[in-house]
Amino acid sequence: MAEAVEDIEFRLLLEAVFRKYHYDFRGYSTASLKRRLRQARERMNCSSFSQLQDRVLHDPSAFPELISFLTVQVSELFRDPAYFRAIRERVVPYLRTYPSLKVWVAGCSAGEEVYSLAILFREEGLAYGGAVFDKSLRRRAVFSDHSLAADQVFAEVQLVSCRNVLIYFDRPLQDRAIGLFKDSLSRKGFLGLGAKESLRFSSHADGFETFDQAERIYRKRGDA
């Protein structure tokens with residue numbers, strides 16, 4: 001019975017966070033999210049998810065602390081070098097054929113992956129000259145609050161890079177996100193998921209062809 005009560009409290013807490021702060025975690029993987037919320041509950045000295053919900057609803061300082069448990073901030077420049085090597089050697093030659101280049105990095109943490117791609121593109125002569133990390137890279141990047149759970153298509157882009165994000169979603173939310181990526185990509189655009197994720201069980205899989213199996217880089221079909 002105690003487990004059933006915790007399940008109810010868990011869902012009510014997620015609903016409360018969504019309604020008050022518009023952060024939608026309701027489609028995230030239950031096991032991973034519960035583990036993180038239990039850590040938050042203990043660290044914030046709450047005896048139950050209901051007490052944690054009360055804190056979050058009535059104490060404005062509690063929500064930022066909770067978010068630090070629910071979001072993953074692990075990132076670094078050129079994390080997983082093989083992925084960036086595949087982008088450089090296999091994808092960039094095709095990106096050169098576009099008259100202009102727009103890239104969407106979904107779930108970019110503090111921006112390390114954005115800057116990694118910007119450095120790579122500049123080294124390859126795509127809209128940049130030279131290869132020094134400076135303020136010009138930041139001027140080319142636009143950071144925007146965009147929810148894969150609630151928002152619509154972000155923009156038309158030639159490359160979507162979304163790594164180590166979908167593993168935290170349940171299947172319906174994964175499918176929603178991949179649908180957004182497909183609709184955002186221009187004809188024959190690229191979707192990079194990295195080695196830990198794939199389109200294998202997605203209802204949108206038919207809209208892509210596998211481009212690099214090892215690094216899970218896909219290309220949107222011309223008729224999709």
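A short reminder: the numbers here are calculations on the coordinates, not readings from a lab. All of these numbers come straight from a predicted model, not from anything done at the bench. Counting neighbours? That spans all protein chains shown, and the Cβs are built from the backbone with ideal geometry, glycine included.
With springs connecting C-alpha atoms under 10 Å apart, model the chain as a Gaussian network and identify which of Ala31, Ala86, Ala195 has the largest mean-square fluctuation.
Ala31
Taking one equal scatterer on every alpha-carbon of the chain, how large is log10 of I(q)/I(0) by Debye at q = 0.18 1/Å?
These q points yield log10 I(q)/I(0) values of -1.28.
Could you tell me what percent of the DSSP beta bridges with both partners in the chain are antiparallel, to the nearest 5?
Values: 8 of 15 bridges.
Counting DSSP beta bridges with both partners in the chain, the antiparallel share is about 55 percent.
Taking chymotrypsin sites (Phe, Trp or Tyr not before Pro) that fall in a DSSP loop and have at most 11 other Cβ atoms within 10 Å as cut points, what is the longest piece of the chain between them? Don't skip to the end; give the middle numbers.
Numbers: sites that count: Phe143, Phe201.
The segment 1-142 is the longest one with no such site.
With angles folded into 0 to 90 degrees, how steeply does helix 30-43 sit against the dominant principal axis of the chain? Use alpha carbons for both and round to 10.
60
I need the shape label for region 2-70. Rule: rounded when a/c is under 1.5, else prolate if a/b > b/c, else oblate, with a, b, c from the alpha carbon gyration tensor. Write out the running numbers ahead of the final one.
Details: a/c = 1.34, a/b = 1.14, b/c = 1.18.
The shape class here is rounded.
Name the long-range amide H neighbours of Tyr28: under 5 Å, sequence gap of 5 or more, or other chain; modelled H, no Pro or chain starts.
Amide H neighbours of Tyr28: Asp170.
For Leu191, enumerate residues with amide H under 5 Å from its amide H, sequence gap 5+ or separate chain, H modeled in the peptide plane.
Correct list: Val160, Tyr218, Arg219, Lys220.
Roughly what angle does helix 171-184 make with the longest principal axis of the chain, taking Cα atoms, 0 to 90 degrees, to the nearest 10?
The two axes meet at around 30 degrees.
Quick check: the distance between the Cα centres of region 149-178 and region 28-86, to the nearest angstrom?
Between the Cα centre of region 149-178 and that of region 28-86, the gap is 19 Å.
Count the lysine pairs in the chain whose Cα atoms sit under 26 Å apart, keeping only pairs 8 or more residues apart in sequence or on different chains.
Taking the Cα cut-off of 26 Å, the pair count is 12.
Measuring from label point to label point, each 7 Å out along Cα→Cβ, what is the Ser147 to Glu209 span in nm?
Output for this residue pair reads 3.7 nm.
Of Ala177, Ser50, Tyr28, which is farthest along the charge dipole of the chain in the positive direction, counting Lys and Arg as +1 and Asp and Glu as -1 at C-beta?
Projecting each Cα onto the dipole axis, the largest value belongs to Ala177.
Would you work out which of Val91, Leu148, Gly107 lies farthest towards the positive end of the dipole of region 81-220, given +1 charges on the beta-carbon of Lys and Arg and -1 on that of Asp and Glu, about the Cα centre?
Checked the options; the winner is Val91.
What is the gain in length, in nm to one decimal, between Ser32 and Glu156 on full extension, counting 0.36 nm per residue of separation less the C-alpha to C-alpha distance?
Gain on extension, Ser32 to Glu156, equals 41.5 nm.
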